[in-house]
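The values are calculated or read from the model by the stated rules, or taken from the named source; none is laboratory data. This structure is a prediction, so every number in the text was calculated from the model and none was measured. Note that each Cβ is placed from the backbone with ideal geometry, even for glycine, and that neighbours are counted across all protein chains shown.
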């Protein structure tokens, strides 16, 4: 087997410890023809997605407001991404990339050199797949080789802070037959996905379609992998649920797909592919993203609301009225100038602004209390400091 084979087998065992035969369904051999046929959209599978050669910010806002998926051609070449020149040799390097997770949620990683060698020759039914969220932090060259397409709005989750927000951008290096199971993106976010090399087969189901339908509950047989989904399950869904609105299409190199929040989607790599994808929040999907964030990530929500307050007070106003929940324990950043500006906007006393924490239900800071009767000074307790600054610095 050799050292290379041992490293690959170890990664595969960690990622799917219960799977003893990664080739048991024969999708690279006896069923290879079924995978090849996925590169063509048959008439019975036909469903349209809007495809455009370019998109202005105003045109995008219209599509986003109506939750309309779209394919935009030529983004990386038009916007001069250095990533447009990437190929497999770019990743034949010692740098390690995440290609799976073990049962405890720990990353399974391989060097780029090992993964490219594996990807070029694997006959696994559903191969390992680089889906790496930290590549930009570990490689400045990779992280600065692209930017969100210029037609996209500001990503409001940037204001949650890089350390607070969950993973949001990924490098994808996928062998043929790898992909992602049908899912909705987290926290109500929307996403864009750009292919640099290879092709991807997509299916999207509109928001509101039940999980029972999109996953083919009761129709499933065999493994729960993307290649099984496209070859075995999706054909049955088309027959069993003809009224379920879906979009099926092929994404080619240079194509950027916009997936609005709430749309179910599954993806299969038809070739060895290189791609980039990123999730984002905007004014159009803010309500959904805020509700999910507020309910599941309170500390992130508090920091996000603080930072939104200065640049998007209208969104803070919306956020505080979306849920019937107690106000978050918020605090201002330690910036007296910003505190005074915020106080003036709320109609409060600028001199007192930096002294009083503001919550969504107290838009104007209350007047300072009368000075207390002097008492002998004592050292502050650690728990008192923690209560004063509940979210740290």
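Couple of notes before you dig in:
- Boolean, residue 167 is farther than 23 Å from residue 228 by Cβ, assigned to a loop (DSSP other than H, G, I, E, B) and touching a residue at least 40 places away in the same chain (Cβ under 8 Å): no
- Residue identified as assigned to a loop (DSSP other than H, G, I, E, B), touching a residue at least 12 places away in the same chain (Cβ under 8 Å) and assigned by TED's automatic domain parsing to the domain that holds residue 104 among 11, 28: 28
- Checklist (1) under 19 Å from residue 275 (Cβ atoms); (2) touching a residue at least 40 places away in the same chain (Cβ under 8 Å); (3) part of a helix (DSSP H, G or I); (4) in contact with a strand residue (DSSP E or B) (Cβ under 7 Å, 6 or more places away or on another chain) applied to residue 120, failing item: (4)
- For residue 260: the one exception among (1) surrounded by fewer than 21 Cβ atoms within 10 Å (Cβ to Cβ); (2) assigned by TED's automatic domain parsing to the domain that holds residue 174: (1)
- Of all residues in region 25-52, those being farther than 16 Å from residue 249 by Cα and loosely packed, with under 12 Cβ neighbours inside 10 Å number 3.
Results for (1) under 26 Å from residue 156 (Cα atoms); (2) buried (at least 18 other Cβ atoms within 10 Å of the Cβ), shown as yes or no for each residue.
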{"residue": "210", "(1), (2)": "no, no"}
{"residue": "256", "(1), (2)": "yes, yes"}
{"residue": "269", "(1), (2)": "no, yes"}
{"residue": "272", "(1), (2)": "no, yes"}
{"residue": "278", "(1), (2)": "yes, yes"}
{"residue": "282", "(1), (2)": "yes, yes"}
{"residue": "288", "(1), (2)": "yes, yes"}
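- Residue that is under 30 Å from residue 256 (Cβ atoms) and not in a loop (DSSP other than H, G, I, E, B), where the choices are 3, 34: 34
- The lone criterion from (1) in a loop (DSSP other than H, G, I, E, B); (2) more than 21 Å from residue 268 (Cβ to Cβ) left unmet by residue 41 is number (2).
- Out of 276, 272, 308, sole residue that is touching a helix residue (DSSP H, G or I) at 6+ places or on another chain (Cβ under 6 Å), assigned by TED's automatic domain parsing to the domain that holds residue 255 and at pLDDT 55 or above: 272
- Among the residues making up region 14-25, a single one is in contact with a strand residue (DSSP E or B) (Cβ under 9 Å, 6 or more places away or on another chain) and outside any helix (DSSP H, G or I): 16.
- Of all the residues in region 188-218, those that are more than 21 Å from residue 177 (Cα to Cα) and part of a loop (DSSP other than H, G, I, E, B) number 8.
- Only residues that are outside any loop (DSSP other than H, G, I, E, B), loosely packed, with under 15 Cβ neighbours inside 10 Å and touching a residue at least 60 places away in the same chain (Cβ under 8 Å) were counted across region 62-111, and they come to 4.
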